[in-house]
Amino acid sequence: VRDAQYRTTYDDARADWLEQQATEAFRRLWPDAQIGWSLAYGPSARRSELDCLILRGNKAIIIECKWKSLTLVARRGDSNALRKDIAQSILNAFEQGRRARDYIRARTTAEFTAIDGIVLKVDSQAVNEIVILSVLARGALSLIAANPLEARALGLFRDAELPWALSLFDLLAVC
């Protein structure tokens with residue numbers, strides 16, 4: 001987008017579209033699940049945002065969406081640019097998901113308020129598994145996330161917990 005004044009509108013619209021597409025994929029897969037998108041949670045003075053939360057049985061899936069592709073510099077082999085692109089997409093999404101997971105685990109009942117006003121209440125004692133998923137708009141970064149052990153060579157994914165990321169198109173195929 002070349003019009004700088006329109007850039008924010010464009011970025012917001014495509015981010016909303018990506019969140020809605022990921023949410024709808026899971027709605028089709030599990031029509032009985034409780035699903036909310038564009039959620040807010042936490043104390044009112046320090047509200048955090050979450051792109052999507054899916055509650056089904058004793059499982060919770062936390063989804064963070066990122067519309068980021070590899071920069072031209074990273075595609076040309078600049079490892080610092082590649083690290084930055086991965087951090088801005090996969091790692092940032094994973095950290096956002098971790099915060100939401102930790103919020104759920106730290107409470108008896110965690111509340112998430114969706115953009116449409118619906119409140120999802122998570123009984124943390126009833127949830128025995130929380131999965132964090134990053135949904136990416138484009139495929140190249142999801143290929144890196146699909147092979148996290150190889151990405152460790154770049155100094156990424158140092159802790160024992162590795163991110164799970166899919167492109168939207170892979171998610172649609174799976175669902």
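The values are calculated or read from the model by the stated rules, or taken from the named source; none is laboratory data. Since the model is a prediction, treat every value here as computed from it, not as a measurement. So basically every Cβ, Gly included, is an ideal-geometry build from the backbone, and we count neighbours across all protein chains shown. When the accessible area is computed, the model is the full protein with side chains, heavy atoms only, and any ligands, DNA or RNA have been set aside. Shrake-Rupley method; radii C 1.70, N 1.55, O 1.52, S 1.80 Å.
Being without any contact (Cβ under 8 Å) to a residue 12 or more places away in the chain, under 19 Å from Val127 (Cα atoms) and more than 11 Å from the chain's Cα centre (by Cα) is a property that does not hold for Gly36.
For the stretch 66-94, taking the residues that are open to solvent by 30 Å² or more (accessible area, probe 1.4 Å) and of a type in the set (Ser, Thr, Tyr), the one that is farthest from the chain's Cα centre (by Cα) is identified as Ser79.
Condition check ((1) touching a Lys or Arg at 6+ places or on another chain (Cβ under 8 Å); (2) at pLDDT 90 or above) across all residues:
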residue: Thr8; (1), (2): no, no
residue: Ala25; (1), (2): no, yes
residue: Trp30; (1), (2): yes, yes
residue: Asp51; (1), (2): no, yes
residue: Gly57; (1), (2): no, yes
residue: Val73; (1), (2): no, yes
residue: Ser79; (1), (2): no, no
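Pairing residues of the stretch 86-98 that are of a type in the set (Ser, Thr, Tyr) with residues that are open to solvent by 30 Å² or more (accessible area, probe 1.4 Å), at Cβ distances under 7 Å and at least 6 apart in sequence or on separate chains, gives Ser89/Lys66; Ser89/Lys68. Return a yes/no flag: does the stretch 83-103 have any residue that is farther than 26 Å from Ser167 by Cβ and among the charged types (D, E, K, R). Yes; the residues of the stretch 83-103 include at least one that is farther than 26 Å from Ser167 by Cβ and among the charged types (D, E, K, R).
Against the definition (modelled with pLDDT of 95 or more and either assigned to a helix (DSSP H, G or I) or surrounded by fewer than 17 Cβ atoms within 10 Å (Cβ to Cβ) (or both)), how does Ala45 come out, yes or no? Here the answer is no, as Ala45 does not meet what is asked. Residues of the stretch 91-114 that are in a strand (DSSP E or B) and touching a Leu at 6+ places or on another chain (Cβ under 9 Å): Ala110, Glu111, Phe112, Thr113. Please determine, by comparing only the residues of the stretch 95-114 that are more than 21 Å from Gln20 (Cβ to Cβ) and open to solvent by less than 60 Å² (accessible area, probe 1.4 Å), which one is modelled with the lowest pLDDT. Within the stretch 95-114, the match that is modelled with the lowest pLDDT is Arg98. Annotation note: of Leu162, Leu171, Leu133, Leu141, the sole residue that is under 18 Å from Glu95 (Cα atoms), at pLDDT 80 or above, surrounded by 14 or more Cβ atoms within 10 Å (Cβ to Cβ) and within 15 Å of the chain's Cα centre (by Cα) is Leu133.
Test Glu24 against the stated conditions and say whether it is under 18 Å from Ser167 (Cβ atoms), acidic (Asp, Glu) and either more than 17 Å from the chain's Cα centre (by Cα) or open to solvent by 70 Å² or more (accessible area, probe 1.4 Å) (or both). Yes: the conditions hold for Glu24.
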